[in-house]
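Working notes, structure below.
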Amino acid sequence: QVQLVESGGGLVQPGGSLRLSCAASRSIFSTNAMGWYRQAPGKQRELVATFTSGSITNYTDSVKGRFTISRDNAKNTVYMQMNSLKPEDTAVYYCNAKWYVGYELRDYWGQGTQVTVSS
C-alpha cells in the first residue's frame, strides 16, 4: 500500500518560514496529482497548493505569493515552502496524491503535520 509521510511542521512566529516535506513510498513521477491540504479546528479541510496534469500549479488565494510547491522526483518527495506565515495559517497540513490502481484513480493521504503560527 502507498504511504505518504509528512514532516517539517512546528511552531513559528508570525512572519516566519517553514518547509514541509511529503515523502512517498511509490514513485511520484507517475502520479496524476499531488499537493497539500490543511484543516484548522472547526473548519473544513481545504486545498492549499497542488500539482495537476501538465505540472500546472494551483494555490488557494490566501497563500498566493507566500507559499511555493515543488518536487524532487528522484527522492519521491513534494515540498511546500511557506513564507510570511500568519496566525490564520495555523492548521494540520496533509499531503495528498492520486494514482491509478488498476482502473481506479485513488486518493492517498498522509498522517498530517501541525503548523502553529503564534507569538
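At a glance:
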| quantity | calculated |
| --- | --- |
| Within the chain: Cβ-based charge dipole about Cα centre, in debye rounded to nearest 20 (Lys, Arg +1; Asp, Glu -1) | 100 debye |
| Over the stretch 37-119, relative contact order from alpha-carbon pairs under 8 Å, at least 6 apart, % | 24 percent |
| Loop-located trypsin sites (Lys or Arg not before Pro) in the stretch 15-76, at most 12 other Cβ atoms within 10 Å (DSSP) | 43, 64 |
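Where a number appears in this text, it was derived from the coordinates with a stated rule and is not lab data. Keep in mind the model is a prediction, meaning the values are calculated, not measured. Positions of Cβ are backbone-derived with ideal geometry, glycine not excepted, and every protein chain shown enters the neighbour counts.
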